[in-house]
Amino acid sequence: MRVATEIVLTKKQREELTKLVSSKLTSVRLVQRARIVLLSADGWQNQVIAKELKVGRVQVSRWRNRYVELGLDGIERDLPRGAPEKKVDVKKLVELTTQSKPDAATHWSTRTMGEKLGISAASVSRHWRANGLKPHLVHSFKVSRDPKFVEKLEDIVGLYLTPPEHAIVLCCDEKSQIQALDRTQPGLELKKGRASTMTHDYKRHGTTTLFAALNVLDGQVIAQCQQQHRHVEWLKFLKKIDRETPKGKMLHLIADNYATHKHPVVKAWLEKHPRIVMHFTPTSASWLNMVERFFRDITTERLRRGVFTSVPELIEAINEYVGHHNIEPKPFIWTAKAKDILQKVIRANERLSSKQNATLH
């Protein structure tokens, strides 16, 4: 006949267990285990304890033995369950992720890496997060090769940080080929527990081009929609800017190097209007033009999910957005200094050059 393991408690041990049982902060499981030990120390048999606490006899025997072997630690924690965790070679995982690619794919996924190393996808994901690795993401970039990059950078950043007195600085550009897209079927509205729906296919009803000039000081936008974006339309927009700005102010216009901005007809008109001074961004550096930030906002907030059955309807929506924006405009604040930007560009060029040299060799 099997005899239950005898438990003899010291005064201190009994006080600890009694405190656990009486405390309202102790978990139900730990209270039950502490009571099992206390009753065992009082001479109760496993079967009687099981009946009293309404638990299984095997369970009583387990926690009695655990307390004898490990003391209080033995009943406070459960033993780990299931198969032991497989050890991950983190160094190899990072090396494979950053220096290799899977067969017939451009980047690793948690599953392909897990299969490669014989571990779970969850383990791969956990170690990627710990090491700041995101193989599924890629950021686009373009380093400007403009020979006058530094000169143009300092000029434009200077206008942002220390604009000239008695002058208005306007960031100008055109957002071309904005499509009037109509969905092939009506979608469902947003409701609790369900996102709004929209068909993936659409009907095209034509395009328009949005010309916009963002006032750096107060965030006001002068806008005009036109059918095309040739030098004719650009000149028409310049005349609109000239009409809608105070006559006694100099105008400093920031624009990119698009050919229409430098057309001979445009240059001739600018010579007759000396209050307008053009400042061109370096090639491949549209991020220097703050009106791009406005274009992003109108795209995400009004155009991308909009439904338009005609170009006039699209133009009306754009004008409505601009009008609403100009009621309480908020300027975009430029904080980066030219020298800080230049240092980043230099570092980027050095890394690209070293990468290119390594590839050649």
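The values are calculated or read from the model by the stated rules, or taken from the named source; none is laboratory data. Bear in mind that the values here come from a model prediction, so they are computed numbers and not experimental data. Quick reminder, even Gly has a Cβ in these numbers, built from the backbone with ideal geometry, and neighbours come from all protein chains shown.
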What residue, of V58, V37, is out of contact with any Lys or Arg (no Cβ under 8 Å at 6 or more places or on another chain) and on the phi < 0 side of the Ramachandran plot? V58
Which pairs turn up if I take residues in segment 318-334 that are without any contact (Cβ under 8 Å) to a residue 60 or more places away in the chain and look for partners that are surrounded by 15 or more Cβ atoms within 10 Å (Cβ to Cβ) with beta carbon separation below 8 Å, at least 6 apart in sequence or on another chain? Y321/I298; Y321/R302
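Quick grid of which residues meet (1) outside the structural domain of L314 (by TED's automatic domain parsing); (2) of a type in the set (A, V, I, L, M); (3) modelled with pLDDT of 95 or more:
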| position | (1), (2), (3) |
| --- | --- |
| N257 | no, no, no |
| T260 | no, no, no |
| V265 | no, yes, yes |
| W269 | no, no, yes |
| P274 | no, no, no |
| P282 | no, no, no |
| A285 | no, yes, no |
| L288 | no, yes, no |
| R296 | no, no, yes |
Quick one: how many residues across segment 72-100 are surrounded by fewer than 15 Cβ atoms within 10 Å (Cβ to Cβ) and at pLDDT 90 or above? 7
Find all pairs meeting these conditions: Cβ atoms under 7 angstrom apart; at least six residues apart or on different chains; first residue within segment 160-172 and of a type in the set (A, V, I, L, M, F, W, C); second residue assigned to a helix (DSSP H, G or I). V169/L159; L170/I241; C171/V291; C172/V291
Condition met for R302 (more than 25 Å from K152 (Cβ to Cβ) and of a type in the set (K, R)): yes
Being closer than 20 Å to Q177 by Cα and either modelled with pLDDT under 95 or surrounded by fewer than 17 Cβ atoms within 10 Å (Cβ to Cβ) (or both) narrows it down to one residue among K236, K249; which is it? K236
First in segment 58-71 and within 12 Å of R33 (Cβ to Cβ) and surrounded by fewer than 20 Cβ atoms within 10 Å (Cβ to Cβ), second anywhere and among the aromatic types (F, W, Y) and at pLDDT below 90, Cβ under 9 Å, 6 or more apart: none
Of the residues that make up segment 153-161, is at least one crowded, with 17+ Cβ neighbours inside 10 Å and farther than 26 Å from I241 by Cα? no
Return yes when L9 is touching a residue at least 24 places away in the same chain (Cβ under 8 Å) and over 30 Å from L133 (Cβ atoms) and no when it is not. yes
Selection over segment 36-78 where residues are within 18 Å of K12 (Cβ to Cβ) and assigned to a helix (DSSP H, G or I) yields a count of 12
Pairs please, first residue from segment 253-264 and touching a residue at least 24 places away in the same chain (Cβ under 8 Å) and under 12 Å from F211 (Cβ atoms), second anywhere and in a loop (DSSP other than H, G, I, E, B) and aromatic (F, W, Y), Cβ atoms under 9 Å, 6+ apart in sequence or on different chains. none
Of R302, R275, the only residue that is surrounded by 14 or more Cβ atoms within 10 Å (Cβ to Cβ) and farther than 28 Å from I178 by Cβ is R275
Would you be able to tell me the number of residues in segment 102-146 that are within 27 Å of R347 (Cα to Cα) and assigned to a loop (DSSP other than H, G, I, E, B)? 18
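Report, by residue number, each residue of segment 15-31 that is over 17 Å from L70 (Cβ atoms) and part of a helix (DSSP H, G or I).
E15, T18, K19, V21, S22, V28, V31
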Collect the residues in segment 168-198 that are basic (K, R) and either at pLDDT 95 or above or touching a Leu at 6+ places or on another chain (Cβ under 9 Å) (or both), keeping them in residue-number order. K175, R194
